[in-house]
1. Taking into account only those residues within the range B:471-495 that are part of a strand (DSSP E or B) and among the aliphatic types (A, V, I, L, M), which is nearest to the chain's Cα centre (by Cα)?
2. Specify the residue that is farthest from B:D371 (Cα to Cα); the eligible residues are those in the range A:83-94 that are open to solvent by 40 Å² or more (accessible area, probe 1.4 Å) and in contact (Cβ under 8 Å) with a residue 12 or more places away in the chain.
3. Between B:A158, B:A134, which is open to solvent by less than 10 Å² (accessible area, probe 1.4 Å), farther than 29 Å from B:I355 by Cβ, among the aliphatic types (A, V, I, L, M) and at pLDDT below 85?
4. On the basis of being in a helix (DSSP H, G or I), modelled with pLDDT of 85 or more and under 28 Å from the mean Cα position of the chain (by Cα), does B:L119 make the cut?
5. Which of the residues that make up the range A:150-178 are open to solvent by less than 40 Å² (accessible area, probe 1.4 Å), out of contact with any helix residue (DSSP H, G or I) (no Cβ under 8 Å at 6 or more places or on another chain) and outside any strand (DSSP E or B)?
6. Can you name the residue in the range B:179-196 that is in a helix (DSSP H, G or I) and farther than 17 Å from B:G219 by Cβ and, of all such residues, is most open to solvent (accessible area, probe 1.4 Å)?
Amino acid sequence: MNRAALAVHTLAELAPARDRCLPVHPLLAGLFPEGGLRRGHVVACTGSAATSLALVLTTQAAAAGAWVAAVGLPELGIEAAAELGVPIERLVLVAPGNSPAQWAERVAAAADGFELVLTAPPRGAERAGRQVRQRVQARGTVLVTVGAAATFGSDVELTTAGCAWEGLGTGHGCLLRRRLTVTSSGRRVPRPRTTALWLPGPHGQVVTTDATTETRPNHGRDDV
Amino acid sequence: MAGTMSERFVTVWCGEWPVVAAGVAPDQPAAVFHANRVVARTPAAAKRGVAHGERRRAAQRACPELQVLTLDPDSDARRFEPIVRAVAELAPRVEVVEPGWLCLAARGPSRYFGGDGPLADRLVELVGQHAPCARVDGGVRVGVADGRTASAIAARTAPGTRVVDPGGSAAFLADRSVAWLARTGDITTDLVDLFVRLGLRTFGQVAALRPADLLSRFGPPGLLAHQIATGTDARLSVGTDPSSEWSCEHPFDEPVGDAGPVIFVAKRLADDLAGQLGTAGQVCTRLVVAIETEHGERSERTWYRAHGLSAAAIVERVRWQLSGWVDDSHGGDQEGDRPTAGIVLLRLTPSEVRIDSGEQIGLWGGHSQADVDAARAVARLSGMVGEGAVRVPEWVGGRLPHERYRLVPATSVDLDDPGGRLGRGAGPWPGSASGPAPATVLAEPVAADVLDAAGEVVRVTGRGDISAAPDTVVLAGVARKVTGWAGPWPVDQRWWSPIQARRVARLQVLTASGDAYLLAVERGNWYALAAYT
């Protein structure tokens, strides 16, 4: 009895490698040692483009049928989510509650039914966060935190840096696309990896920097 | 035809119950919407051309002053409870199909009141006493016929009371459309569509076929349709007791004064029950929910659903019953029935089960395990934190980011069918900001300051000219240097209406730190609307 319990901690460990991971956008796959979002992991998105990055992380799995819960992210731009490729018919928003304990309860309940949970941990959520982590591991859900690095520890940390918007002049143009780099680090990432992206690209979705470098952004008006 | 004759049933149907329950006067135009479609409307709205199933915009076009209400099944059930209670005093074995719709076996009470006609009149009068609104314009309808479905159709087709003579159900139904079978929940809409495509448009045409042919072609639902059409639907009001082994109960160690824990337990019991029945290949169509308090008070209701009660449907019915009993603020005269102590027992007893004809999981579309799990989690979260706290987006449309999607309670929409909720039509929305949408949209605009190089507040004239180039943006008390900006883009909304008119100008700014924001100015005050995070 005991041996069996020791041998297999979670269902996730039993599954073959492909089933252990949720698919992730091909442009971001290189950031993960396993090429996908490992079930039961906590992925922290930080930096000034954290929200967009977190949304892009969910697109591939959600397109394949997974449901996404956003707990405590009342200000999530639904339209941006749709543009980035999140099927918003499978997106459910849950209010954060008033205390870390309530937040943890809600994230845990969401982890029971949703394969992907986006959340912004409230202040002082260390203890509650550890419980959430255990639940997430046991259920094989992927928890993506947005904003300040999760105080209860994350398996993979993705940091956006070097954000540079294009398309906006002084008094003309409009925001068109943003170039940035994403660096993955953390205890499950043996060697930090970096990739450069347009996030969002000209039509809202994520694009690799190589594909779009030829097309010069339109600064509102062409030079004469 | 050798089949047994159907048992006689009475159906009480309160038309447009959701608007009646909402407490709207019948002479006021109002409609209740679910998933952007009209589900019920007042007579005044009906007169103005608001039809069932219409989209909100179309309904508002027909009747601009229409009061828009959202469907609230809990409140509907709560308001219906006094009627159920009153009818239950008149006759035993009242089955609630849904709020606004109940049925009962006619035999006993009919003999007592001297016939089907007097019984029906008595019921109309009784329901009218408890919901005066429902009486207006023949809102309360009672039908008596052989078979549950026939009585429901008799009630719903004509205002007032309608008594179909014993043995006359087949003739009564003969010319009616088979679409009623989907409306009464006896067979699925898909099968009705198939009937129609095959040329079986009326009950008479179905009845003319041989039952064996219908059974071999369509399975049990086909046979059921034939039985209903010929008035030989043998389903009884009191089926033979299926087996008490299905009954499950939960005694609470300590009396519970709150609905939350009871719903939790109900959820568990319902899952167990549905699971057990499922392994036996059966589904519960009629369920008795009994709740007892420490002081021995007892609420017992029978719930019926023709196509079977799923675990989620069972929980929903427990919640309706509980909120109707505990929060009896609309019951009025029967103060004594409200529980005075905590709940100590919850019991679910299936009183009619039938073989689950089964919905196959679709190869394309249909329900995946993820859909089922998510629906379950949504139900659980809604029960835990309240329905208003678990929401899904609904497309509204607008020019400012926070106007474009609205969040609606997940329990109030059909998660399986997002078309009506998220369908945004073809083409771009004129006047919305171009470029990628902001990833952070503030629910309420936050006051901000936009200053020029001299430290003066930047102004936008009525012609859309900006007084000076923005130099600094102050957001949440932090000053940020502006490195790029564009705009102002004016929005002149509803200029024709003195009350709703709104003039706003939008401005995109990029700060030295690389963050981008969408700001707006209205009446000289600046606000932050969204951030491109």
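The values are calculated or read from the model by the stated rules, or taken from the named source; none is laboratory data. Because the structure is a prediction, the values reported are computed rather than measured. Note that each Cβ is placed from the backbone with ideal geometry, even for glycine, and that neighbours are counted across all protein chains shown. Surface accessibility is based on the protein's heavy atoms, side chains included, excluding ligands, DNA and RNA. Shrake-Rupley method; radii C 1.70, N 1.55, O 1.52, S 1.80 Å.
1. So the residue we want is B:V491.
2. Going residue by residue through the range A:83-94, those that are open to solvent by 40 Å² or more (accessible area, probe 1.4 Å) are A:83, A:89-90.
Then drop every residue that is not in contact (Cβ under 8 Å) with a residue 12 or more places away in the chain, which leaves A:83, A:90.
Numbers: A:E83: 23, A:R90: 9 Å.
Per the stated criteria, the residue is A:E83.
3. On the way: B:A158 fails: open to solvent by less than 10 Å² (accessible area, probe 1.4 Å).
Just a single option satisfies the conditions, and that option is B:A134.
4. In short, no.
5. Matches in the range A:150-178: A:S154, A:D155, A:G169, A:G171.
6. Filtering the range B:179-196 down to residues in a helix (DSSP H, G or I) leaves B:179-183, B:189-196.
In the following step, the residues that additionally are farther than 17 Å from B:G219 by Cβ were identified as B:179-180, B:183, B:196.
Details: B:A179: 30, B:W180: 31, B:R183: 123, B:V196: 50 Å².
Here the residue is B:R183.
To keep it simple, each residue is scored yes or no on (1) part of a strand (DSSP E or B); (2) modelled with pLDDT of 85 or more; (3) open to solvent by 20 Å² or more (accessible area, probe 1.4 Å).
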{"residue": "B:P251", "(1), (2), (3)": "yes, yes, yes"}
{"residue": "B:G260", "(1), (2), (3)": "no, no, yes"}
{"residue": "B:A266", "(1), (2), (3)": "no, yes, no"}
{"residue": "B:D271", "(1), (2), (3)": "no, yes, yes"}
{"residue": "B:L287", "(1), (2), (3)": "yes, yes, no"}
{"residue": "B:V344", "(1), (2), (3)": "yes, yes, yes"}
{"residue": "B:T349", "(1), (2), (3)": "yes, yes, yes"}
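Results for (1) in contact with a strand residue (DSSP E or B) (Cβ under 9 Å, 6 or more places away or on another chain); (2) surrounded by fewer than 19 Cβ atoms within 10 Å (Cβ to Cβ); (3) within 20 Å of A:G153 (Cα to Cα); (4) modelled with pLDDT of 85 or more, shown as yes or no for each residue.
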residue: A:P16; (1), (2), (3), (4): no, yes, no, no
residue: A:D19; (1), (2), (3), (4): no, yes, no, no
residue: A:G35; (1), (2), (3), (4): yes, yes, no, yes
residue: A:T46; (1), (2), (3), (4): yes, no, yes, yes
residue: A:A54; (1), (2), (3), (4): yes, no, yes, yes
residue: A:A61; (1), (2), (3), (4): yes, no, no, yes
